[in-house]
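Here the structure comes first, spelled out in structure tokens, and everything after it is commentary.
The values are calculated or read from the model by the stated rules, or taken from the named source; none is laboratory data. Being a predicted model, the structure only gives us computed values, none of them experimental. Cβ sites come from the backbone with ideal geometry, for glycine too, and all protein chains shown count toward neighbours.
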Amino acid sequence: LLENCHLYPSWLPRLEQLLNSISERRLKLNEDGECLQTGKVTLKESFRLWLSSFPSDKFPSSILQNGIKITSELPRGLRANMLRSFSTDPLSDPDFFETCSPLQAVPFKNLLFGLCLFHAVVQERKNFGALGWNVPYEFNDSDLLISARQLRIFVESTDVGEPLPFEALNYTIGECNYGGRVTDKNDRVTMRSILSLYLSPEVAGPDPFLMSPSLPLAFPKGETHPCYVSFIKRLPAAPKLDIYGLHQNAEITRAKNDANQLFSSLLSTEPEVVVSQDSNGESYIESHAENLARDILTRLPPRFDLGYASKRYPMAYSQCMNVVLCQELERFNRLTDVIRSSLESTIHAMQGLVVMNEDLEAVFSGLTNGKVPGMWMDVSYPSLKSLSGYVEDLLQRLKFFGRWVESGPPPKYWISGFFFIQSFITANLQNFSRKNKAPIDTVRQEFEVLNIKPDMIAKSPETGYYVYGMFLEAARWDWTNGVLVRPLPKELYTEACPVHIIPTLSKAKPSDDRFPCPLYKTLDRRGVLSTTGHSSNFVTYILLPSSIETADCIRQSVALIAQLND
């Protein structure tokens, strides 16, 4: 038995050689059933080699093809997850489940059931992509088992009649055991919000209940282990999504993600396309790719004149936005230079004028498959769009900044069009800080919602900036009442209202009816983890009036998105 082969990838080629050597030497048994030596290898007929490994692209394909493959996957579904939890030691051990002090048995069993339900919920949420977690986490049985043991310790150490230490329970389980795996700051907030439902006085009481209509069955009340298992088996196979804290529209997102993953896997197994040719020997695919490349080149505007822009918008102490503009123009110039040069080189390669190297093949593949080439994404803003959508979006961004350069600062800013949105927000704060001679760490942002369409904004505000171009996911904007409301069925994304970002030195207003909605650059919400605990995909929080409770917004993963995939 060789375990964890993925941890030693440099030795895997040697393992492949050894197995090939063994398979080439056929072992013969004599009449007495004894093993005969062939070459340098002596083996018995009953010899079997077991290998264990995580999925790895370094694993030799010959071993996979010649061996029998066994896959171990976690159960899928709330009911299957809970049955697995209740069949795992120590939860299945009567000495652990039934021997708690009689006066504490009911709250212990109720909270233990709630803990198992929480464990199933956090595992199932990762099937919903970014609506579940910004980053997928591998929660496992060890998280549940250590939490169950800690739960028993807390319950038994609490005197009868005294309240259970729910704050300590939620901290050790939510911040240490499960939270220790969570790297994204917003995911930690979601984790705490979900756990508070299942480790609460309502669950521990004599008449426990689950805060979800998805479980219409009576909650088991301190009964035996078989009774709990029987209760779990009667749970619906596909409960409503509010048991996971999600809106029903999340099922559409999950189905789309599953379909995309399936088709991506199928396409990865397809052989290289055999190129058809016409009577002149010209490839149809190459002809299409060349026409597409020429079309993109034709539509690309000239480079921004940085010299002209820096003279018209010079670097000034009181105008940080000028610096932001010049930096954005420089980034877009670098991107368009790469696009232009790569397309021209690819056209020349298709014509046989230059050698088709690996980078140009990647560009050609992107043109034929409708995907943005990796060479472009290396110097681009984050985007999940297809090639056609990406080009249209890029042209709109270039047009926005071109108008800014020629006509002056716009009355409203398309926040989604910036390469680096954080620099725009920081420049806003710096301008206010320098104007009022106040430390920038004392300046905060206030938000005023504009319940009008962006086209109706014709004049800049005296303080701050108007921003637009955002979308809402897992919620929608009620244009009549000016608040966040739950989305309509089959409504995944909706247009968000424009927002007036106002820098101020005053203290924050009470925001009980406002939800601090996170703003992300793309729908996947993932990025490189920064020192603040947020991913590079995260921009800021924007306070929005909401008719939905803040806790429900957090669990439903309500967010503002700067750019959609389509």
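Can you name every residue in region 52-97 that is hydrophobic (A, V, I, L, M, F, W, C), within 23 Å of ARG254 (Cα to Cα) and modelled with pLDDT under 85? Passing the criteria: only LEU74. Going by the conditions given, is ARG125 among the charged types (D, E, K, R), surrounded by 21 or more Cβ atoms within 10 Å (Cβ to Cβ) and out of contact with any Lys or Arg (no Cβ under 6 Å at 6 or more places or on another chain)? Yes.
From the list TRP376, TRP404, the lone residue that is over 27 Å from the mean Cα position of the chain (by Cα) and either among the polar types (S, T, N, Q) or part of a helix (DSSP H, G or I) (or both) is TRP404. Number of residues in region 446-461 that are surrounded by 15 or more Cβ atoms within 10 Å (Cβ to Cβ) and within 14 Å of LEU484 (Cα to Cα) equals 2. State whether the residues of region 146-157 include one that is of a type in the set (Ser, Thr, Tyr), under 20 Å from ASP187 (Cα atoms), in contact (Cβ under 8 Å) with a residue 40 or more places away in the chain and out of contact with any Pro (no Cβ under 7 Å at 6 or more places or on another chain). No, region 146-157 has no match at all.
Taking (1) exposed (fewer than 13 other Cβ atoms within 10 Å of the Cβ); (2) more than 30 Å from ILE440 (Cα to Cα) in turn, TYR317 satisfies each apart from (2).
In region 346-364, the residue that is farthest from TYR284 (Cα to Cα) out of those that are surrounded by 14 or more Cβ atoms within 10 Å (Cβ to Cβ) and under 35 Å from the mean Cα position of the chain (by Cα) is ASP359.
Here LEU169 clears all of (1) crowded, with 18+ Cβ neighbours inside 10 Å; (2) closer than 26 Å to ASN537 by Cα except the condition numbered (2). Cβ-Cβ contacts under 9 Å between residues 6 or more apart (or on different chains), taken from a first residue in region 247-264 that is farther than 16 Å from GLU473 by Cα to a second residue that is modelled with pLDDT of 90 or more, are listed as ASP258/ASN127. Here the condition is being more than 24 Å from LYS521 (Cα to Cα) and of a type in the set (A, V, I, L, M, F, W, C); of ILE296, ILE339, it holds for ILE296 alone. The one condition from (1) surrounded by fewer than 20 Cβ atoms within 10 Å (Cβ to Cβ); (2) under 28 Å from GLN248 (Cβ atoms); (3) at pLDDT below 95 that VAL485 does not meet is (3). Within region 540-557, the set of residues being within 20 Å of ILE243 (Cα to Cα) and either in contact with a strand residue (DSSP E or B) (Cβ under 7 Å, 6 or more places away or on another chain) or in contact (Cβ under 8 Å) with a residue 24 or more places away in the chain (or both) comprises ILE548, THR550, ALA551, ASP552, CYS553, ILE554, ARG555, GLN556, SER557. At least 1 residues being farther than 25 Å from LEU131 by Cβ is the threshold, and among the strands (runs of 3 or more DSSP E) wholly inside region 429-490 those reaching it are 444-449, 465-468. May I ask you to verify whether PHE97 is more than 23 Å from LYS185 (Cβ to Cβ) and among the aromatic types (Phe, Trp, Tyr)? Here the answer is yes, as PHE97 does meet what is asked.
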